[in-house]
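Each remark here refers to the structure printed beneath this line.
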Amino acid sequence: MNMLAFDRSRRLLALAATCLGALAAPTLAQESKPTAPAAPKAPTTPAEPAAPVYVAMTTNKGVIDLELNAAKAPISVQNFVAYAKAGFYNDTVFHRVIKSFMIQGGGFTADLKQKSTNDPIKNEWRNGLPNARGTIAMARTQVADSATTQFFINTVDNRMLDQPRDGAAYAVFGKVIQGMDVVDAIAATPTGISAGMHDVPTTSVTILKVEILPGKPAIDDAVKAPSATEPSPSAPAPSKGQ
């Protein structure tokens, strides 16, 4: 091949390469084209607050009807309801009673044997529900998130329990809507020391059963008006058996 022919061949190859590059460019550009943005989602309707849960706690001194606030204390309510449906609270006792303060139960059998529980739950003390007379709250240890099954019902206004202690206060999750006379009768029960625990009723106050009701029970009379009290030196903490 002479030099003229060689030079011509080289130019043809260069032209072919240029043409192939021009043909490939549109394909590459198409593949890298950004996809159209997704259409904005239609605004969703805010979820309605969880409905209250109604509970009948039958004791050997009468029935206590409770309204549990599932909207403001969903974890505590779900926890209590799960234990109630499992029959955990049946035949347990109010093992700690302090007049002009509270009554505490939900963890011991009549012979003061402590029952096994599931894992502790998160403390919902910031839910805005105060420890007022007639409210039910979770008992706990000095660890903030340590509540399991034990609860207490305030028999007076215990606003000092709304103040953080050990990093948290005491989480209220409901209130008595009927049967405060029963609560007051339990609070008046004589107490002593038993199985190494203080403030134990000398005559057993037994929770015979705890039932989740299909709706709000008929109310015969209103809960008595709250009354103030001086702070108690002993906060409600889960008691431990010997």
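Below, the figures for the structure above:
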quantity: Residue match in the range 100-111 (condition: at pLDDT 95 or above and touching a helix residue (DSSP H, G or I) at 6+ places or on another chain (Cβ under 7 Å)); calculated: yes
quantity: Cβ-Cβ under 6 Å pairs, at least 6 apart or on other chains, the range 194-205 side under 16 Å from Lys99 (Cα atoms), far side aromatic (Phe, Trp, Tyr) and part of a strand (DSSP E or B); calculated: Val205/Phe94
quantity: Residue list for the range 68-94, restricted to those being closer than 22 Å to Pro217 by Cα and in a loop (DSSP other than H, G, I, E, B); calculated: Asn69, Ala70, Ala71, Lys72, Ala73, Ala86, Gly87, Tyr89, Asn90
quantity: Options Ala17, Ala39: the member that is at pLDDT below 60, at negative phi and not in a loop (DSSP other than H, G, I, E, B); calculated: Ala17
quantity: Residue check, Pro236 modelled with pLDDT under 95 and either in contact with a helix residue (DSSP H, G or I) (Cβ under 7 Å, 6 or more places away or on another chain) or closer than 23 Å to Lys72 by Cα (or both); calculated: yes
quantity: Selected residue (criterion: farthest from the chain's Cα centre (by Cα)) from residues of the range 175-220 that are farther than 23 Å from Thr148 by Cα and among the acidic types (Asp, Glu); calculated: Asp220
quantity: Residue that is nearest to the chain's Cα centre (by Cα) [pool: residues in the range 150-174 that are surrounded by fewer than 21 Cβ atoms within 10 Å (Cβ to Cβ) and outside any loop (DSSP other than H, G, I, E, B)]; calculated: Ala168
quantity: Selected residue [surrounded by fewer than 24 Cβ atoms within 10 Å (Cβ to Cβ), under 23 Å from Val63 (Cβ atoms) and of a type in the set (Gly, Ala, Ser)] from Ala144, Ala195, Ala188, Ala137; calculated: Ala188
quantity: Test: residue in the range 118-130 that is at pLDDT 95 or above and over 18 Å from the mean Cα position of the chain (by Cα); calculated: no
quantity: Lone unmet requirement of (1) among the basic types (Lys, Arg); (2) at pLDDT below 95; (3) not in a loop (DSSP other than H, G, I, E, B) for Lys209; calculated: (2)
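The values are calculated or read from the model by the stated rules, or taken from the named source; none is laboratory data. The model shown is predicted, which means the values in this text are computed figures rather than measured ones. All Cβ positions, even for glycine, are placed from backbone atoms using ideal geometry, and neighbour counts span all protein chains on display.
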